[in-house]
Structure formats: structure tokens, C-alpha cells
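Right, one structure below, let's go through it.
The values are calculated or read from the model by the stated rules, or taken from the named source; none is laboratory data. Note that the coordinates shown come from a computational prediction; the quantities given were computed from them, not determined experimentally. Counting neighbours? That spans all protein chains shown, and the Cβs are built from the backbone with ideal geometry, glycine included.
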Amino acid sequence: MTVRKQTVLIIDADILVKLCQPDYYKAWMFKALFEDPWNKVVIPEIATKEWKLSKDKKFTEFHDQIINPLEKAKKISSTFRSLKERKNFEDSLNKLIKFRKREFYYTFGRKFEFIDYRINRDLVTQPQLTTRSKSIIADLALNKERPFFCSADLKNNDEKFEVKDAYGFFSAIDYAKSLRKNDENIDIYFITEKTENYSDFSNKSKLHENLAPYFEELNIQYSINLKGILLKLNPLIDSSEKDEMMQANKYLQDQYFIDCKNKDCDGEVHLKVDCYWGNFGFWFAECPKCKYEWRTNDRIEDDYN
Ligand SMILES: [Zn+2]
């Protein structure tokens, strides 16, 4: 077995959202990032705040991207002259919408939940900014120093005031400083795709020259390529995979679902994913939509298959 080095991966807010975005990163990357014991994921506190503010909006946005075109298609059912044909078309579409919703929820929706759970339960390190760094940022802002700040100029460049990213960057530095005191040998990466706020103007994979000395001093590596890093850290990883939602499909058939027992909710519960063994040997179900919980009539020995 190869012994690997412990690696710290400091993730920016944009990467968190992209990890839950359909057709952006592959599922193996999510697993490699969070489940590989050699990787320690660190999220600056400012990035977790951004996550909390934007996650619900992003969830709805990604959901609607998949579902809305199908809902729209329903509107053309009037093209069918025959009532029977129209009904068949609508029934098929409704079935498809139900499936796509399930697919979305049990793949990307679960990722939202996973990240949220880790952040809310402090299962991931969330470094804060030191007072010293706050005053450095204040100076950079006053002097309109690039890349986080700049004043509007004659070339129609707008004023720039990216305090949140400056906070994330310097939180990474503060955290790396505390690590380097004890361990010089650890690998530290800072990963973002917001190149417009961190990178060199002509070479996006390079950190901006005003920021580079901070990372050089602490030997932090700047990266805009999460996939490349994960493959470099574990070249043996299985990165071959087909469409994630299609893969989940066989576990999303009707036989795996029951309707939520809360009469005010139209949600459904997955018998494998949303049920757990409870007291007295019974299965309990929890609706992911309304969080209503109830005891099912099945005992543990009637394992759902
Ligand atoms: Zn419910």
C-alpha cells in the first residue's frame, strides 16, 4: 500500500456550489474530496457564510434547470386534437417529471445536504480571519490594490471591491500559518475557479503577482483545477463514470418509494435512504421535504429490498 502525505485542501465558496451543480464535476470527485482519509477539507468561515446565504437559491436554480423545460413541454399538449392522445402525452410527461425530480434530489440534493450537514455540525475546519489580516485587507482596500480592489479607470474598467474573496484568501493564509508552525511537510492547496478575482490577468492558472508572495512564503499551492489535483493526489482513483443521474436511476423506481404520511405534504420517502431502524425493532421513515417522521408497520426483519 502506498503511504500518502496528508494534504490540506482549502476550498473557496464557488467550488462548494459547483460540487452540487448538475453536470459540472463528476461524482467521483465529490467522493475523493470528502471521503479520502488523506485529504483534509478546509472551508474559510467567510465561504461557509456565503454558502448558507446562497445554497437555497442555488438548489432551486439547479432543480428548475432540469424540471422547467419538462413543465413547459406540458403546455404544448393542446397540439393533440384527440383527448386520449393529449392525456397520454401528459401522463408520460408527469411520470418523467416525477423521475427527474427523484434523480435530482437523490444525487445533487443529497450533496447539498452533505455539505450543509458538515458545515453546521463543524465537521469541517472553518478558519476565521485574524485581526491582523483584517487590517491588511483594510489597507489593500484603501489603496485600491489589485486583484481584489481597484478604482474605475478611463478604459471603462469598473470599480472593484471584492472583500469576501479577500477575506477567504487571508483566512487561508492565517490557517496555513498555524499549520506550518507544527508541520512543514504537509501539502496545502487553495482551490478556486474565480480566476477574475485571484489570478494573473494573462495566465489564469497563476496567482496574481500581488498575492503570490503570501502563498510562496507559506508554500501554499494555488489551483483552479480541482480535478487535476484529485488525480495527482490519487492517480489510482476510478474516474471513469457515466452520467450520475442515470446511474442512480435503478434505485429510483416506484417500488422504492412511499408517500409522505403528513397530509399537508406531497413529498415522498425513499425506503432505503430515508428510513432508519428505530425503537422496538421498527422501521421509521422521515420525509426529506417536510421532515415529518413516523413509524412504519414493518419490523426490522422485513428488510426492504
Ligand atoms: Zn413530507
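Within the range 117-131, restricting attention to residues that are charged (D, E, K, R) and closer than 12 Å to I43 by Cβ, which residue is surrounded by the most Cβ atoms within 10 Å (Cβ to Cβ)?
The qualifying residue surrounded by the most Cβ atoms within 10 Å (Cβ to Cβ) is R118.
Would you say K87 is among the charged types (D, E, K, R), exposed (fewer than 13 other Cβ atoms within 10 Å of the Cβ) and at pLDDT below 90?
no
Looking at (1) closer than 30 Å to I10 by Cβ; (2) within 16 Å of the ligand (Cβ to nearest atom); (3) small (G, A, S), which one does G267 not meet, given that it meets all the others?
Only one criterion in (1) closer than 30 Å to I10 by Cβ; (2) within 16 Å of the ligand (Cβ to nearest atom); (3) small (G, A, S) is unmet by G267, namely (1).
Of everything in the range 132-172, what is assigned to a helix (DSSP H, G or I) and small (G, A, S)? Give them in sequence order.
Those that are assigned to a helix (DSSP H, G or I) and small (G, A, S): S133, S135, A138, A141, A166, G168, S171, A172.
For residues that are out of contact with any strand residue (DSSP E or B) (no Cβ under 6 Å at 6 or more places or on another chain) and either on the phi < 0 side of the Ramachandran plot or more than 14 Å from the ligand (Cβ to nearest atom) (or both), tally how many sit in the range 271-293.
Summing the residues that are out of contact with any strand residue (DSSP E or B) (no Cβ under 6 Å at 6 or more places or on another chain) and either on the phi < 0 side of the Ramachandran plot or more than 14 Å from the ligand (Cβ to nearest atom) (or both) in the range 271-293 gives 10.
What's the total number of residues in the range 83-131 that are assigned to a helix (DSSP H, G or I) and aliphatic (A, V, I, L, M)?
The qualifying residues number 6.
Could you give every pair whose Cβ atoms fall below 6 Å, whose first residue belongs to the range 249-277 and is within 14 Å of W294 (Cα to Cα) and assigned by TED's automatic domain parsing to the domain that holds W294, and whose second residue is away from the ligand (no atom under 15 Å from the Cβ) and in a helix (DSSP H, G or I), counting only separations of at least 6 or pairs across chains?
Short answer, once both residue conditions are applied: H270/Y256; L271/Y256.
Check the range 100-121 and report whether any residue there is in contact with a Phe, Trp or Tyr (Cβ under 6 Å, 6 or more places away or on another chain) and closer than 17 Å to Y222 by Cα.
no
Inside the range 173-284, counting only strands (runs of 3 or more DSSP E) that do not spill past its ends, which hold 2 or more residues that are surrounded by 17 or more Cβ atoms within 10 Å (Cβ to Cβ) and β-branched (V, I, T)?
By residue number, 187-191.
Under 7 Å by Cβ, and 6 or more places apart or on different chains, what pairs join a residue from the range 44-72 that is within 15 Å of R118 (Cα to Cα) with one that is loosely packed, with under 15 Cβ neighbours inside 10 Å?
Sorted first by the residue in the range 44-72, then by its partner, the pairs are E45/Q128.
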